[in-house]
Ligand code: DGL
């Protein structure tokens, strides 16, 4: 059995593109419909109820595009909205937190840093999942709202971003062994994180939940026999709730044009 309907990918803005990149690597011939709710971002500063509502609305919008599965490519939306979406969804819906926690647990380290939005830190979802498997571990959470804004403003690879990464990373204790980039905006600044660790001679493993998330979706599609047939590169359609040109320009910078964002449409959700 084959299923040629697209996969929905959702984030509050540009962050989900770091997940889309990994999805396209492992499932290149699938079609994707991406929604960035950049009008309401940053989600990290919103209440639990608001984030849940925005996430449910995004599911409803993506459903109108005929999606066969949805990836909530936003940790904050996963923490506050995944359950509510699953309650109403008639398709598989996955988030990024379980895969991210799994990836962190697989390192077998016990001094674990979570760098995320304030809402994700407040939810303690990572902490709970990691402690279930590694009860002795110590989890340190750092809320990093300015880094979300820096990425959205196109500062993920420059001196402005560098200073912000340093400010937040300095908050972790010196014995840190793993840091989970638990906000999908942050892998856009991967080089700044690597630089910081090198400069400070810190031996810390960086975990990006995106690759594990792509693997999880691949498994689901495999099991249900609902992959797309054919061997051609799939279509990608991009929707945002405001400022399509910024999304396109900064998005292509983050993606290094792989995949390339050609056209962005504004929608009301
Ligand atoms: N990219 C989102 C995440 O993974 C959040 C950014 C925001 O605050 O909107 O948590």
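The values are calculated or read from the model by the stated rules, or taken from the named source; none is laboratory data. Just so we're clear, the structure is a prediction, and the values are computed from it rather than from any experiment. Reconstructed Cβ throughout: ideal geometry from the backbone, glycine too, with neighbour counts over all protein chains shown.
Mind checking whether some residue in the stretch 25-41 is over 15 Å from the mean Cα position of the chain (by Cα), within 24 Å of residue 145 (Cβ to Cβ), without any contact (Cβ under 8 Å) to a residue 60 or more places away in the chain and within 16 Å of the ligand (Cβ to nearest atom)? No, the conditions are met nowhere in the stretch 25-41.
Scanning the stretch 178-199 for residues that are out of contact with any helix residue (DSSP H, G or I) (no Cβ under 8 Å at 6 or more places or on another chain) and either farther than 21 Å from residue 146 by Cα or buried (at least 20 other Cβ atoms within 10 Å of the Cβ) (or both) turns up 198, 199.
Tell me, please, whether a residue that is more than 19 Å from residue 182 (Cβ to Cβ), within 16 Å of the ligand (Cβ to nearest atom) and in contact with a strand residue (DSSP E or B) (Cβ under 8 Å, 6 or more places away or on another chain) can be found in the stretch 63-79.
yes
None of 201, 262 is farther than 28 Å from residue 93 by Cβ and either modelled with pLDDT of 95 or more or assigned to a helix (DSSP H, G or I) (or both) except 201.
For every residue, the table says whether it meets (1) touching a strand residue (DSSP E or B) at 6+ places or on another chain (Cβ under 7 Å); (2) assigned to a loop (DSSP other than H, G, I, E, B); (3) surrounded by fewer than 24 Cβ atoms within 10 Å (Cβ to Cβ).
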| residue | (1), (2), (3) |
| --- | --- |
| 10 | yes, no, no |
| 13 | yes, yes, no |
| 18 | no, no, no |
| 21 | no, no, yes |
| 30 | yes, yes, no |
| 44 | no, no, no |
| 55 | yes, no, no |
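Just one of the listed residues (84, 119, 156) is in contact with a helix residue (DSSP H, G or I) (Cβ under 9 Å, 6 or more places away or on another chain), within 15 Å of the ligand (Cβ to nearest atom) and either at positive phi or in a helix (DSSP H, G or I) (or both), namely 119.
Listed conditions (1) buried (at least 24 other Cβ atoms within 10 Å of the Cβ); (2) assigned to a helix (DSSP H, G or I) are all met by residue 49, apart from (1).
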